[in-house]
1. Taking the condition aliphatic (A, V, I, L, M), touching a helix residue (DSSP H, G or I) at 6+ places or on another chain (Cβ under 6 Å) and modelled with pLDDT of 95 or more, does Leu6 pass?
2. Have a look at Ile43, Ile21, Ile61 and point out the one that is touching a strand residue (DSSP E or B) at 6+ places or on another chain (Cβ under 7 Å) and assigned by TED's automatic domain parsing to the domain that holds His109.
3. When you go through (1) surrounded by 15 or more Cβ atoms within 10 Å (Cβ to Cβ); (2) modelled with pLDDT of 95 or more; (3) aromatic (Phe, Trp, Tyr) one by one for Phe192, which number turns out not to apply?
4. In region 25-58, how many are acidic (Asp, Glu), farther than 30 Å from Leu161 by Cβ and not in a strand (DSSP E or B)?
5. Restricting the search to region 195-229, which residues are closer than 26 Å to Gln98 by Cβ, exposed (fewer than 10 other Cβ atoms within 10 Å of the Cβ) and either touching a His at 6+ places or on another chain (Cβ under 6 Å) or among the charged types (D, E, K, R) (or both)?
6. With respect to Thr100, determine if the residue is assigned by TED's automatic domain parsing to the domain that holds Asp50, surrounded by 14 or more Cβ atoms within 10 Å (Cβ to Cβ), farther than 16 Å from Leu6 by Cβ and among the β-branched types (Val, Ile, Thr).
7. Picking from Phe35, Phe41, Phe17, which residue would you name as being surrounded by 12 or more Cβ atoms within 10 Å (Cβ to Cβ) and at pLDDT below 95?
Amino acid sequence: MIISILTLFPEMFSGPFSQSIIKHAQDRGLITINFINIRDFGIGMHQTVDDTPYGGGRGMIMKVDVLKNAIDSILDKNLTKDEEKVVLLTADGATYNQRTAEKYSELKHLILICGHYEGIDERIRSFVDDEVSIGDFVLTGGEIPAMLVTDSVTRLITGVLKQDVTNLESFSHQHGDSTLLEFPLYTKPQDFMGLLVPDILLSGDHKKIDEWRRNESIKKTQKHRPDLIKKY
C-alpha cells in the first residue's frame, strides 16, 4: 500500500514514522509513505501557497490551484475510486473512526491532504473523495491527524501485525461487536500490591473466560462510553 501525504512540513513526520510498527512495515515493504511538499507547487518566485480571503477577514487561505496541482502530481490513473482515495483532513469533516480505518486499509493508494493557515479554499472539496476530522477541536494543521490516520491504517494492513491480533480490539468490526470496548487485560505478576488477577483467567476454562470477557466489555463500555452502549 502507498500513503501519500501532502504537507507544508514534511520534516514533522521524520520522528513518528521512523520508529516502531510503521518503521518495520516500511522496512518490510508492506507500506510506502511518500511526502509531497505543497510548497513545491507554489506560485511564482516565492512559491506562494496562500492568499488573503475574499470578503475580508483574518488569516491566510491555502490556494486551490496549488493544492489541485499537488494532488494531480500523484494520482494514479490506473487505479479506480475503490483503490485510491483523496482525503482532506479538516475540522469540519466526518469524524474518523475504526470503520473508516478498516476501509482505508484496503486501498492501494491513500492520499492525505494536510491543511494549514486559516483554512483551504472551499473549492478544493470538488477534488477530494472524503473529508475527515479526528475530533471536535481545531489544530494548527493537518500533520498530526495525518500521523494518526497513517498509524491506524498501517496496523490493519495484512502482515504488519500478527494474524488476528486486531480482531477483538475496541471498535473492531471483525468480531461483530464494534460498539463494545475491549475487555480488561492482565499479565504477570498475579499479585501486585494486593491487586489480583481475576481467578477466572487462571481457571483454564476458555468458555467461561470468553463469557467473562464479554460481560466485562459490556461493563467497561457502560462505564466509559455510555453513548456506545446505547448503540449496542
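The values are calculated or read from the model by the stated rules, or taken from the named source; none is laboratory data. What you see is a predicted model; the values in this text were computed from it and never measured. Every residue, glycine among them, receives a Cβ derived from its backbone with ideal geometry; neighbour counts consider all protein chains shown.
1. On the way: aliphatic (A, V, I, L, M): yes; touching a helix residue (DSSP H, G or I) at 6+ places or on another chain (Cβ under 6 Å): yes; modelled with pLDDT of 95 or more: yes.
So Leu6 fits the description; yes.
2. Values: Ile43 fails: touching a strand residue (DSSP E or B) at 6+ places or on another chain (Cβ under 7 Å); Ile21 fails: touching a strand residue (DSSP E or B) at 6+ places or on another chain (Cβ under 7 Å).
Of the residues listed, the single one that is touching a strand residue (DSSP E or B) at 6+ places or on another chain (Cβ under 7 Å) and assigned by TED's automatic domain parsing to the domain that holds His109 is Ile61.
3. (1)
4. Selection size over region 25-58: 1.
5. Listed by number, the list holds a single entry, Asp227.
6. Against the criterion (assigned by TED's automatic domain parsing to the domain that holds Asp50, surrounded by 14 or more Cβ atoms within 10 Å (Cβ to Cβ), farther than 16 Å from Leu6 by Cβ and among the β-branched types (Val, Ile, Thr)), Thr100 qualifies.
7. Working: Phe35 fails: at pLDDT below 95; Phe41 fails: at pLDDT below 95.
Going through Phe35, Phe41, Phe17 in turn, the sole match is Phe17.
For every residue, the table says whether it meets (1) touching a helix residue (DSSP H, G or I) at 6+ places or on another chain (Cβ under 8 Å); (2) at pLDDT below 90; (3) surrounded by 18 or more Cβ atoms within 10 Å (Cβ to Cβ).
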{"position": "Ser126", "(1), (2), (3)": "no, no, no"}
{"position": "Val149", "(1), (2), (3)": "yes, no, yes"}
{"position": "Leu156", "(1), (2), (3)": "yes, no, yes"}
{"position": "Leu168", "(1), (2), (3)": "no, yes, no"}
